[in-house]
Amino acid sequence: MAEKKLGDYIINVKNIYKTFPNGVKALCDFSTNIRRAEVVVVIGPSGSGKSTFLRCLNGLEEIDSGEIIFDGIPLDDNKKNRLKIRREMGMVFQLFNLFPHLTVLQNVMLAQQLVRKSSARLAKSVSMELLEKVGISDKVDSYPNQLSGGQQQRVAIARALAMKPKVMLFDEATSALDPEMIGEVLDVMKTLAKEGMTMICVTHELGFAQEVSDWVIFMDEGKIIEGGTAEHFFNNPQEERTKLFLSQIL
Amino acid sequence: MNSGGTQNARLPSSVAGNRFLSTSRMPIKDIAVYLFVMAGIAYIILRGASEQGYNWQWYRIPQFLYTLEDGAFTLGPLLEGLKITLHITWISMILTYAIGLATALLRLSDSIIGRIVARVYLEVARNTPLIVQLFFIYFVVAPVLGIDRLFAAILALSLFEGAYASEIYRSGIVSLPKGQWEASHSLGLTTFDTYRKIILPQAIRRVLPPLTSQTISLIKDSSLVSVIAVYEMTMQANAIVAETFLTFEVYFTIAGIYLFITVILSQFVALLERIFKVHQ
């Protein structure tokens, strides 16, 4: 892929541990750093802690120990810090999680008005612009359950983008979609990547990883087994675990 | 009626939309069945009464509902009582909803003290008889707070029904997918805004049917406040029965009035459900 310029570190993750109440060790001494404008793809077998890592980054899961610093702000017990960080991080979920009682437009407008305190007019114009960008501008007054899965996910991306986040987190954004709808969502994600959005994507779409990622992380049992550029990663993996995993899914 | 409304709310919209068609599908058969059941009930009542040698005197009932003298319309004791009943239930209903919601939110909150307070209130209110609570509030709490008989009745009813309402709210709130919370949090909404804009608007639609049942219980339970001599409808009925021995006539009459009110209420809520459920 074309060379692009990465910025300084925006997220520092240092030695985080996360054990679930049922005793499952989801993250074990996990450390990584993410640069501005970097597209990081996290892959690994199910249960390897990929989603947990993502959910720890914006505080949806609490870490047991370790340190997460986002753009200079530590993610700790301070509620204000947590809200500040969440405001700057958009998240897209596997099951979309749109608000079913609000229209598409209201879904995208809501947080701008409540959190960013935008006026209704400004929020609406920003929302319309984003919905146009993801190709949903003709369905703004529909309710989420009137849309296809791919359309819902694109609305969810627009909803997250409406907060003008510095980082976007994608938690298996295409895993719940019918095969013919995966492409339309990946296209939106690729556009974002090319525009220089900092993205961390948990995904099984290796084609996507090869095309747009700057860095690929392979995780297993709560640890990073191997990390590298897509080229290195897919053509010349070093670790046995990685080779085994790639041989199973390729 | 209430259960009928609930079932309709669960039907896919294409079926629920045909509600009126489906009820009129076989009108003759439906009416025949209805009349048959009603005739059976009437027969049992009349038969039971006649075996006791009961002397029906329905003609004496209207005077207890209203009187027309010289063109002047005056409410009789039963309808005067109904006014008090409606007054009590109206205020209690609002308080029940408020207490129930506050308790549910406390139970779901992060505050340990809040959870304990809510839990203790809930267990006491649910696990002791309403009549005991009425006496307790009237004789112990009311003198301390300096509140009158009527408000003591309202307070006791609201606290009792509020406990049940809180469990209804709570189940409605926890029944929402966790993803709704996560989506809202990931956008940076505060817990307060998440409840206000995301969780409660969806939960209310889910709890409307059980909350209606609770409101109907409240209307019927309001008859119990007669024990602290609040002259609501049941108290008036008791007084008339004691005076005239028109036991069946009077009690059937007020039963009919209670039924009338609760049917109107559940029809109103069924209408609300149809308006609300569109996009759920």
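Rounded, prolate or oblate for the protein assembly as shown? Axes are the square roots of the Cα gyration tensor eigenvalues, ordered a ≥ b ≥ c, and the cut-off for rounded is a/c under 1.5.
Values: a/c = 3.07, a/b = 2.34, b/c = 1.31.
Note, shape of the protein assembly as shown comes out prolate.
Compute the longest continuous run of chain A that contains no exposed GluC sites (Glu not before Pro); treat a site as exposed when its DSSP state is not H, G, I, E or B and it has at most 14 other Cβ atoms within 10 Å. Working shown, then result.
On the way: sites that count: A:E3, A:E62, A:E195, A:E239.
Value returned for the longest uninterrupted segment is A:63-194.
Can you give the extra length, in nm with one decimal, that the chain gains between B:R60 and B:V132 once fully stretched, where that is 0.36 nm per residue apart less the Cα-Cα distance? Present the calculation step by step, with values, prior to reporting the outcome.
Values: separation 72, 0.36 × 72 = 25.92 nm, distance 3.52 nm.
Stretched out fully, the B:R60 to B:V132 stretch lengthens by 22.4 nm.
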Pseudo-spin-label distance B:I44 to B:L259, built 7 Å along Cα→Cβ, given in nm, is 1.3
Just check the range B:85-201 against the gyration tensor rule for me: Cα atoms, a ≥ b ≥ c as the square roots of the eigenvalues, rounded for a/c under 1.5, and otherwise prolate or oblate depending on whether a/b exceeds b/c.
-> prolate
Estimated distance in nm for a label pair at A:K80 and A:D178, the labels positioned 7 Å out from Cα along Cα-to-Cβ | 4.9
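Can you give the FRET efficiency for A:N22 and B:L68, using 1/(1 + (r/R0)^6), R0 = 56 Å, r = Cβ-Cβ distance, to the nearest 0.05?
0.15
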Using a Gaussian network model of chain A whose springs link C-alpha atoms within less than 10 Å, name the residue from A:Q106, A:Q238, A:Q153 with the highest mean-square fluctuation.
-> A:Q238
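Other chains' Cβ within 10 Å of A:113-123 residues: what's the mean? All intermediate terms of the calculation are to be shown ahead of the outcome.
Working: counts 1, 10, 5, 2, 0, 0, 0, 0, 0, 0, 0.
For this peptide, the per-residue mean of nearby foreign Cβ atoms is 2.
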Kindly report, to the nearest 10 Å², the accessible surface of B:L130 as traced by a 1.4 Å probe over protein heavy atoms only.
-> 10
Name the residue, out of B:Y231, B:Y121, B:Y54, whose mean-square fluctuation peaks in a Gaussian network model built on chain B with Cα pairs under 10 Å.
-> B:Y54
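The values are calculated or read from the model by the stated rules, or taken from the named source; none is laboratory data. Nothing here was measured: the structure is a model prediction, and the numbers come from that model. Using ideal geometry, Cβ is built from the backbone for each residue, glycine included, and neighbour counts are taken over all protein chains shown. All accessible areas refer to the heavy atoms of the entire protein, side chains included, with ligands and DNA or RNA removed. Shrake-Rupley method; radii C 1.70, N 1.55, O 1.52, S 1.80 Å.
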